[in-house]
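Structure, as C-alpha cells:
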Amino acid sequence: VQLQAYGGGLVQAGGYLRLSCAASGRTFSGYHMGWFRQAPGKEREFVAVISWSGDITQYADSVKGRFTISRDNAKNTVYLQMNSLKPEDTAAYYCAADWATYRPGRTTASYEYWGKGTLVTVSS
C-alpha cells in the first residue's frame, strides 16, 4: 500500500489543522493506521492509531484530548484532527499502515508501510 500525507502547514499556537493520509490499494480496511511525528533532532514518536474497523483508537498522552484520529474506509483515508496546537507539536507528521494481524501498535516497528511526512509548524 502507498500512503500520502498532506494538510500540514504553519499555524499559531491555539490553532488547528487537519491532516489527511490517502492510501492506494483495495485492502485499506485491513490495516490499522497510525500517525507518528518527528521533530528535528528527536526520534520518531507515536501520536495516534486507529484500528482497521475504527472501533479502537489510542493516543499519546501528549495529544490526548486535543487530537482526534478517524478513518473513512470508503475513501481509503485516515485523518488527524489537531486542535489547541502548541509549539511543541511542531514536527513532520507521518502516517503508517500495519496489517491487522494483532492489536494496534504504538511502535514504529509495528508498521510495514510509511508515507512521506507533512510538516506542521506551530508558532508561539
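The values are calculated or read from the model by the stated rules, or taken from the named source; none is laboratory data. These figures come from a predicted structure and were not determined experimentally. Cβ: placed from backbone, ideal geometry, glycine included. Neighbour counts: every protein chain shown. Keep in mind that these areas ignore ligands, DNA and RNA; they rest on the heavy atoms of the full protein, side chains included. Shrake-Rupley method; radii C 1.70, N 1.55, O 1.52, S 1.80 Å.
Per-structure values
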read-out	value
Whole-number percent relative contact order across the chain, with pairs defined as alpha carbons under 8 Å at least 6 apart	36
DSSP bridge pairs, the chain: antiparallel proportion in percent, nearest 5	90
Extension gain from Q2 to Q81, taking 0.36 nm per residue of separation minus the Cα-Cα distance	26.3 nm
Alpha-carbon centroids, the stretch 1-69 and the stretch 78-117: separation in whole Å	4
Fraction of the pair-distance distribution of the stretch 53-124 above 16 Å, Cα-Cα pairs, percent	57
Net charge over other residues, Cβ less than 14 angstrom from the Cβ of K42 (K, R count +1; D, E count -1)	-2
Segment N73-E112, extension gain: residue separation times 0.36 nm, minus the distance between their alpha carbons	12.2 nm
Positive-pole candidate from F46, P87, A23, dipole of the chain, charges at beta carbon	A23
Residues of the chain: accessible area per residue with a 1.4 Å probe, Å²	53
Extension reserve of the Y16-L119 stretch, reckoned as 0.36 nm per residue once the Cα distance is removed	35.7 nm
Accessible carbon and sulfur surface of the chain relative to its total accessible area, %, 1.4 Å	49
√(5λ) per eigenvalue of the Cα gyration tensor, the chain, largest first, Å	23, 14, 13
